[in-house]
Amino acid sequence: MTGRTLIFLLILIHYSCIPLDKEVPPDPRTFDPPDTNLRQLSSSLPYFKDYLQAMDHINLTDFLEGDGPFTVFMPNQLAFTRFRINNEISSAEQIPDDKLKNILLYHIIPGHWTLLQIPGGYYPTYAIEQTTSNPIDLFIDSNDLFRLNGIVAMDEPDLETINGVIHSISEVLTIPTVMTHLSVNRELSMIYDILNSDYLDQELQQQFHQDIPFTFLAPTNLALEMLLEEHEEWQSYKDIPRETLKNILAYHLVTGNNLLLKNILEDRMISTLNGTSFTIEPEFTGWVIRDRFGTTARVTINDIQAVNGVIHSVDRVLMP
């Protein structure tokens with residue numbers, strides 16, 4: 001045995017005799033849990049000055065100090081610069097207080113969600129629809145780029161606090177209308193294209209841009225494709241006679257009513273824009289819509305809340 005080998009064995013024996021319960025040195029990359037709340041952390045970062053100033057203006061300072069947890073998509077200074085330019089104002093405080101309050105609260109959702117944790121889908125915010133006080137939804141798409149209502153705005157994610165997490169964003173989010181929600185969900189892209197087409201009756205088009213709350217049963221792309229397959233002479237929606245298309249869509253529209261399915265616990269008949277009715281039947285797994293011919297459509301997503309109405313996506317086109 002060589003001298004070098006002997007030395008190696010002695011070192012090995014020495015370290016093998018160290019007790020297993022010996023304290024391990026702390027990892028210098030670990031950090032203590034955050035000890036500041038959302039208000040304190042955002043106050044310490046100069047690029048959230050305009051957001052906090054606007055929150056103070058409408059007396060929402062205490063909101064960010066609440067128990068939470070909250071996830072805040074907090075617009076930075078660049079976002080507010082764009083916001084002022086787009087609205088032709090010099091300060092966010094020029095926006096009426098009730099509108100500004102809803103805008104700011106629309107950037108906050110319940111729960112503690114880091115960027116990697118949050119799945120795509122609809123999330124209720126603290127902004128509300130005025131006639132029902134139902135939370136207005138934020139649509140998050142995390143399939144490729146992280147999008148908020150279709151907008152890629154993430155700047156600095158995952159600023160942790162004791163009562164939630166802040167994600168810095170470079171846009172002030174616009175509270176969505178029904179048409180906004182239809183435009184950003186890929187599974188509803190076909191109905192959005194139809195509603196924006198010159199082929200559709202203009203008077204009916206205007207119904208989807210009204211401020212008075214309304215309810216829309218939005219057929220999914222698969223539902224519309226199924227309708228075209230059932231009628232060989234229809235290769236696209238432009239092959240559907242205009243009056244027929246108008247009548248079909250009017251049958252999916254309930255005006256003057258922000259109808260929330262979560263409040264419907266028994267069968268209920270609903271009158272539509274075209275003068276006929278459908279029936280909503282609550283089931284254990286969700287809701288079924290039945291037209292006057294007995295055809296059923298299942299609700300795939302219920303109560304997608306916008307500022308001017310509510311959407312329920314359905315898996316079949318109902319026939320008036």
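Dipole size of the chain about its Cα centre, with +1 on Lys/Arg Cβ and -1 on Asp/Glu Cβ: approximately 380 debye, rounded to the nearest 20.
The Cα atoms of the stretch 223-320 cover 40, 27, 23 Å along the three principal axes, with the biggest extent listed first. Working from label points 7 Å from Cα in the Cα-to-Cβ sense, the residue 156 to residue 230 distance is 5.4 nm. With contacts taken as Cα pairs under 8 Å at a separation of at least 6 residues, the chain carries a relative contact order of 15 percent.
Derived from the Cα gyration tensor, the three semi-axes of the equivalent ellipsoid of the chain are 50, 28, 18 Å, largest first.
Farthest toward the positive end of the dipole of the chain, out of 228, 270, 46, is the Cα of 46, where the dipole comes from beta carbon charges about the Cα centre. Any lysines with Cα under 21 Å of the residue 246 Cα? List them, leaving off those in the same chain fewer than 8 positions away. By straight Cα distance, residue 246 reaches 238.
Using a cut-off of 29 Å between Cα atoms, the listed pairs 99/262; 49/262; 49/99 include 49/262 as exceeding that distance. The HN-Hα couplings worked out from phi for the stretch 236-243 by the Karplus form 6.51 cos²θ - 1.76 cosθ + 1.60 (θ = phi - 60°) are 8, 5, 6, 8, 6, x, 3, 5 Hz, whole numbers, x standing for Gly and Pro.
FYI, it's all coordinate maths here, none of it is from the lab. All values reported here derive from a predicted model rather than from experimental measurement. Don't worry about glycine lacking a Cβ; one is built from the backbone with ideal geometry, like all the others, and counts go over all protein chains shown.
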